[in-house]
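Peer 1: Right, I'll just put the structure down here and ask away after.
None of the figures in this text is laboratory data; all of them are computed from the coordinates on show. All values reported here derive from a predicted model rather than from experimental measurement. Glycine gets a Cβ as well: all are built from the backbone with ideal geometry, and neighbour counts include every protein chain shown.
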Amino acid sequence: MRATILADASYCPDTGAGGWGYWIASDRGKRGGGGELSRPGTSTIAEMMAVVNALHVARAAELALPGDCLLVQTDCQAAIQAFEGTRACHDVDEQAVLAAFHEFRAWLAGLVVFRHVKGHTSRAKQPGARFGANRACDGRAGRHMRAARARIREASSAVVPQD
């Protein structure tokens, strides 16, 4: 069986806040969602986390099962290169996310194919379901990142200096 997964992340370099969004479609069903990321460190790590989180949702929801072929789409070339092994991951956090991906891939025992989808494009420039789903993922990721950023800023402004 085949499943398609789109994942996107949003990252604020000022606060370290992150958010992610996903869309999963297979013959077993469809699901979209997202959440906040716990201080991913870089936008690339955030994108990698979004992909791995979406893969885990697909597994937990049984939208992906062992032996399936997965098409994973993201707008981050660096994440694709890391997952495909064509880019070295020296950062310890990237290595941790990559290890989680390899655990998932071992469980899946099926083919995982990555495709780059051009992000941040207008509907007029990029019509079609794939780009629409990516825009929806981008919107979810942005909403979750902004919520996380607001919480971080609120917590930091609540700190009273000590005399």
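Peer 1: In a GNM of the chain with a 10 Å cut-off on Cα contacts, which of Ala106, Ala17, Ala79 has the highest mean-square fluctuation?
Peer 2: In this elastic network of the chain, the residue with the biggest mean-square fluctuation among Ala106, Ala17, Ala79 is Ala106.
Peer 1: Quick check: convex hull over the Cα atoms of the range 1-70, volume per residue in Å³, rounded to an integer? Provide the component values of the computation, followed by the final result.
Peer 2: Working: hull volume 4.8 nm³, N = 70.
Taking only Cα atoms, the range 1-70 has a hull volume of 68 Å³ per residue.
Peer 1: Ok, one more. For the chain, modelled as a Gaussian network with Cα springs under 10 Å, which listed residue fluctuates most, Arg39, Arg140, Arg153?
Peer 2: Arg153
Peer 1: Still on this structure, please answer the following. Local charge sum around Gly29 (other residues, Cβ-Cβ under 14 Å, Lys/Arg +1, Asp/Glu -1)?
Peer 2: Values: positive: Arg2, Arg28, Lys30, Arg31, Arg59; negative: Asp27, Glu62, Asp68.
Charge balance in the 14 Å sphere: +2.
Peer 1: List every DSSP H helix in the chain whose Cα atoms extend 15 Å or more along the helix's own long axis and whose mean Kyte-Doolittle hydropathy is at least -1.0.
Peer 2: Sorted by number, the helices that extend far enough and score high enough are 43-60, 92-108, 129-157.
Peer 1: Which distance in Å, rounded to a whole number, links the C-alpha centroids of the range 61-108 and the range 8-53?
Peer 2: So the two Cα centres are separated by 13 Å.
Peer 1: Still on this structure, please answer the following. The list [x] 1.17; [y] 0.94; [z] 1.02 gives values of Rg/Rh (Cα atoms, Kirkwood Rh), and only one came from this structure; which label was calculated from it?
Peer 2: Recomputing Rg/Rh (Cα atoms, Kirkwood Rh) here gives the entry labelled [z].
Peer 1: Kindly provide the helix-only [θ] at 222 nm of the chain, computed as the sum of -39,500 (n - 2.57) over DSSP H runs of four or more divided by all residues, to the nearest 500 deg cm²/dmol? Display every interim value, and only then the final one.
Peer 2: Numbers: 4 runs with 72 residues, N = 163.
Taken over the chain, the calculation gives -15000 deg cm²/dmol.
Peer 1: Still on this structure: Starting with the fewest neighbours, write out His56, His144 ranked by other beta-carbon atoms found within 10 Å of each beta-carbon.
Peer 2: In increasing order of surrounding Cβ atoms, one gets His56, His144.
Peer 1: If I take R0 = 35 Å and measure r between the Cβ atoms of Thr42 and Trp107 in this structure, what FRET efficiency does the formula 1/(1 + (r/R0)^6) give, to the nearest 0.05?
Peer 2: Working: r = 27 Å, r/R0 = 0.76.
About 0.85, to the nearest 0.05.
Peer 1: Separate question: Taking the Cα centre as origin and putting +1 on Lys and Arg beta-carbons and -1 on Asp and Glu beta-carbons, what dipole magnitude results for the chain, to the nearest 20 debye? If you can, show how the numbers build up before the last one.
Peer 2: Details: 20 positive and 16 negative charges, 155 e Å.
With Lys and Arg at +1 and Asp and Glu at -1, about 740 debye.
Peer 1: Which ordering of Val51, Val92, Val112 is given by a fewest-first count of other beta-carbon atoms within 10 Å? Could the numbers behind the result be given before it?
Peer 2: Values: Val51 29, Val92 8, Val112 18.
Ranked by crowding around the Cβ, least crowded first: Val92, Val112, Val51.
Peer 1: Taking amide H positions as placed in the peptide plane 1.01 Å from N, state which residues far from Leu37 in sequence (5 or more) or on other chains have amide H under 5 Å from it.
Peer 2: Here Gly18, Gly19, Trp20 satisfy the definition.
Peer 1: Now a separate question. For the range 10-78, give the magnitude of the charge dipole about the Cα centre (Cβ charges: +1 Lys/Arg, -1 Asp/Glu; no others), in debye to the nearest 20.
Peer 2: On the way: 5 positive and 7 negative charges, 33 e Å.
The dipole of the range 10-78 has a size of about 160 debye.
Peer 1: Taking θ as phi - 60°, what are the ³J(HN,Hα) couplings along the range 6-22 by the Karplus curve (6.51, -1.76, 1.60), each to the nearest whole Hz, with x for Gly and Pro?
Peer 2: 10, 9, 8, 10, 10, 9, 9, x, 6, 10, x, 6, x, x, 9, x, 8
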